[in-house]
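Asker: The structure follows.
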Amino acid sequence: MRAVTAAQMRAIDAAAVARHGEVALMRAAGDAIARLIDRYARGDGAVVAIAGPGNNGGDAYAALASYDGKRRRVIFADAAASVRHDSEARRDARERARVAGVEERPFPPDAATLRYAALVLDGVLGVNARLPLDARSAALVDAIAASGAPVLALDVPTGIDPTTGALGQHVVRANATIALGRPKLGCLLESGRDAAGEQWCAPLGMRDGDAHGIDDPHTDVLTPAEFAALLPARSDESDKRSAGAPLIVAGSTQFPGAAVLCAWGAARAGAGYVTVAAPEGAAAALRAHLVEQVVVTYDERDPDAAVQTILGLTNRCDSIAIGPGLGLSDAFGTIVNGVIGGSDLPVVADASALYHLAKRLNAYRDKPLVITPHAGEFARISGKGTIAPGERFARVRAFVDEHGIATLLKGRTTLIAGRDVTHVNPTGTNALATAGTGDVLTGAIATLLAQGLSPLDAARAGAYWHGRAGHAAQARRKRGVIARDVADALGEASVVEPHDATLVRIS
């Protein structure tokens, strides 16, 4: 699903209005919002909406008109502003709310009603917000924040730049946000993501193509249904190699565990046959932990021979994962570049491999390769230094445009950039902030490559899956999740519940 800038959303919305009419769209939006009210409401208090001018306020009216639960419904609105910014759709929603028994009150909202609300609907501004907020909107945001009530934001929490994710001085920190039409890019990027809470989208029959030629770049976010469609299915006729046979070039005498975790990630992602190539000094540790996987050794002191040993293994493998736990010596540099340059298999490169291929990026422009750096590794490999706050999106986009290498930039919001599109990963949890989880991710991506996905698709599906596995592991163990827990959770994290196309869970 496309994640859009404010300008792209305006173009998509205008085209949808021309096709369906704004009244029908607002009614559909109200229906979708109403379905989430009881999910986030507390106790038995009233559902209270704050309706700003324009159609975002109209969506608040439409939501309360559609809500058929037992809770009392109250909406605060500026009557004068409503008249100045009225539309056919808003008038329709307001009249339906009146007929449904919604209690309409003038601004400003009183503190007591907000404090005891079961849920507050933030319908102040929406996608057309501009920072800094005007005084009235800022006061409404502060009133919502002071209430302590749970908040469901309509389209965009007030105070977030819908395109960049920048936060204003006054900002609604929502429990959840329902995007109308398409997810807003600013709600998926730092720092907007944290203020948006859990995210949903009501597609409302809108079309991505209506944003063609509007703004740059093209940005996508996976939905559960799209993720499920990306995962390769194992056929009934599969054997252990046709099910996916990644080669893991990882581990060292000092860091054998990285190879173990990478191999586990590959196996738990569904590989039928995992081969690990490691230095002789790591073999005992690896064989003590890897029962179902094959360990083949090489002598790192003779890197040219090591390259030939590893390349000999590729004849019966479908992909390569390289880097976790390798060293930074010149010998490992020869091995990394010799293997990547000497094979036509798709490759995922991480950790130490990034150090070694940094000076040879131009040689890998046309390789089926994805790299998976964290911020520090990216600072080095890009040659542009530390990423400043708010620059991650632009920096990874510029890097891929220059070098033509699919790049997964890890972080609170992981970005996966290819030549023509950037994917924003909506899954993940702070439970993944522990040693070895990146090695598990590398192994999972290696399996997806071995099963036929392109580097970009393997990276975005792997990141999404890895984030879901982190959530699943955290659900079982509230504290102390370790990397092997994440690997073990990949199986259950691959199961997507039947989806409803009219209301899509984003994060």
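Values quoted throughout were computed directly from the atomic coordinates according to the rules given, and no laboratory measurement underlies them. Since this is a predicted model, take the numbers as computed values, not measurements. As a convention, Cβ positions derive from the backbone with ideal geometry for all residues, glycine included, and neighbour counts pool all protein chains shown.
Asker: Note the full-extension length gain between Ala24 and Asn430 as 0.36 nm times their separation in residues minus their Cα-Cα distance, in nm to one decimal.
Answerer: Using 0.36 nm per residue and subtracting the Cα-Cα distance, I get 142.1 nm.
Asker: Here's a follow-up. Which residue, Gly159, Val17, Ile33, has the largest displacement toward the positive end of the dipole of segment 6-213 when charges sit on each Cβ (Lys, Arg +1; Asp, Glu -1)?
Answerer: Positive-end residue among those listed: Ile33.
Asker: Still on this model: In whole Å, what is the distance between the alpha-carbon centres of segment 429-487 and segment 181-195?
Answerer: Each part's Cα centre sits 22 Å from the other's.
Asker: Order by neighbour count: Thr5, Thr502, fewest other Cβ atoms within 10 Å first, most last.
Answerer: Exposure proxy ranking, most exposed first: Thr502, Thr5.
Asker: I've got another one for you. Please report how far the C-alpha centroid of segment 330-366 lies from that of segment 215-237, rounded to the nearest whole angstrom.
Answerer: 27 Å
Asker: For a label point 7 angstrom out from the Cα of Arg412 toward its Cβ, which stretches of segment 461-492 have the backbone nitrogen within less than 16 Å?
Answerer: none
Asker: I've got another one for you. Which of the residue pairs Lys367/Lys410; Lys184/Lys384; Lys240/Lys359; Lys359/Lys478; Lys410/Lys478; Lys184/Lys410 have a Cα-Cα distance greater than 31 Å in the structure shown?
Answerer: In this structure, Lys240/Lys359; Lys359/Lys478 exceed 31 Å between Cα atoms.
Asker: Determine the dipole magnitude for the chain: charges of +1 sit on the beta-carbon of Lys and Arg, -1 on that of Asp and Glu, nothing else is charged, the reference point is the Cα centre, and the result goes in debye to the nearest 20.
Answerer: Using only the charged Cβ atoms, the result is roughly 960 debye.
Asker: OK, next. Listing His499, His218 from the residue with the fewest other Cβ atoms within 10 Å to the one with the most, what is the order?
Answerer: His499, His218
Asker: Working from Cα positions, state the angle (0 to 90°, nearest 10) between the long axis of helix 135-147 and the longest principal axis of the chain.
Answerer: For 135-147 against the chain, the angle is about 70 degrees.
Asker: In addition: Which ordering of His170, His403 is given by a fewest-first count of other beta-carbon atoms within 10 Å?
Answerer: Going from least to most buried by this count: His403, His170.
Asker: Taking only Cα atoms, what is the 0 to 90° angle, nearest 10, from helix 88-99's long axis to the longest principal axis of the chain?
Answerer: 70 degrees
Asker: By how many nm would the segment from Asp110 to Ala394 lengthen if fully extended, with 0.36 nm per residue of separation less the alpha-carbon distance?
Answerer: 98.0 nm
Asker: Could I ask something else about it? About its Cα centre, how strong a charge dipole does segment 147-215 have in debye, to the nearest 20, once Lys and Arg get +1 and Asp and Glu get -1 at the Cβ?
Answerer: The dipole of segment 147-215 has a size of about 120 debye.
Asker: While we're looking at this one, here's another question. Got a sec? Which residues in segment 23-39 would a label at Asp86 touch, if it sits 7 Å along Cα→Cβ and we count backbone N under 17 Å?
Answerer: 23
Asker: Let me know the shape class of the chain, please: from the alpha-carbon gyration tensor, a ≥ b ≥ c as square roots of the eigenvalues, rounded when a/c is under 1.5, otherwise prolate if a/b is greater than b/c, or oblate.
Answerer: prolate
Asker: Could I ask something else about it? Cα axis of helix 392-403 to longest principal axis of the chain: angle in degrees, 0 to 90, nearest 10?
Answerer: 40 degrees
Asker: With point charges of +1 on the Cβ of Lys and Arg and -1 on the Cβ of Asp and Glu, referenced to the Cα centre of the chain, which listed residue (Ala461, Thr314, Leu345) lies farthest in the positive direction of the dipole?
Answerer: Ranked along the dipole, the leading option is Ala461.
Asker: Along the charge dipole of segment 293-417, Cβ charges K/R +1 and D/E -1, which of Phe378, Pro389, Gly333 sits furthest on the positive end?
Answerer: Farthest along the dipole direction, towards plus: Pro389.
Asker: What shape does segment 456-507 take by its C-alpha gyration tensor, where a ≥ b ≥ c are the square roots of the eigenvalues and a/c under 1.5 counts as rounded, a/b above b/c as prolate, and the rest as oblate?
Answerer: oblate
Asker: Could you work out how far the C-alpha centroid of segment 308-325 sits from that of segment 1-70, in angstrom?
Answerer: Cα centroid of segment 308-325 versus Cα centroid of segment 1-70: 52 Å apart.
Asker: Let me ask something else. Rounded if a/c is under 1.5, else prolate if a/b beats b/c, else oblate: with a ≥ b ≥ c from the C-alpha gyration tensor eigenvalues square-rooted, which is segment 70-134?
Answerer: It comes out oblate by the Cα gyration axes.
Asker: Determine the dipole magnitude for segment 6-213: charges of +1 sit on the beta-carbon of Lys and Arg, -1 on that of Asp and Glu, nothing else is charged, the reference point is the Cα centre, and the result goes in debye to the nearest 20. Spell out each step's value before the answer.
Answerer: Numbers: 25 positive and 25 negative charges, 59 e Å.
With only Lys, Arg, Asp and Glu charged at Cβ, the dipole is about 280 debye.
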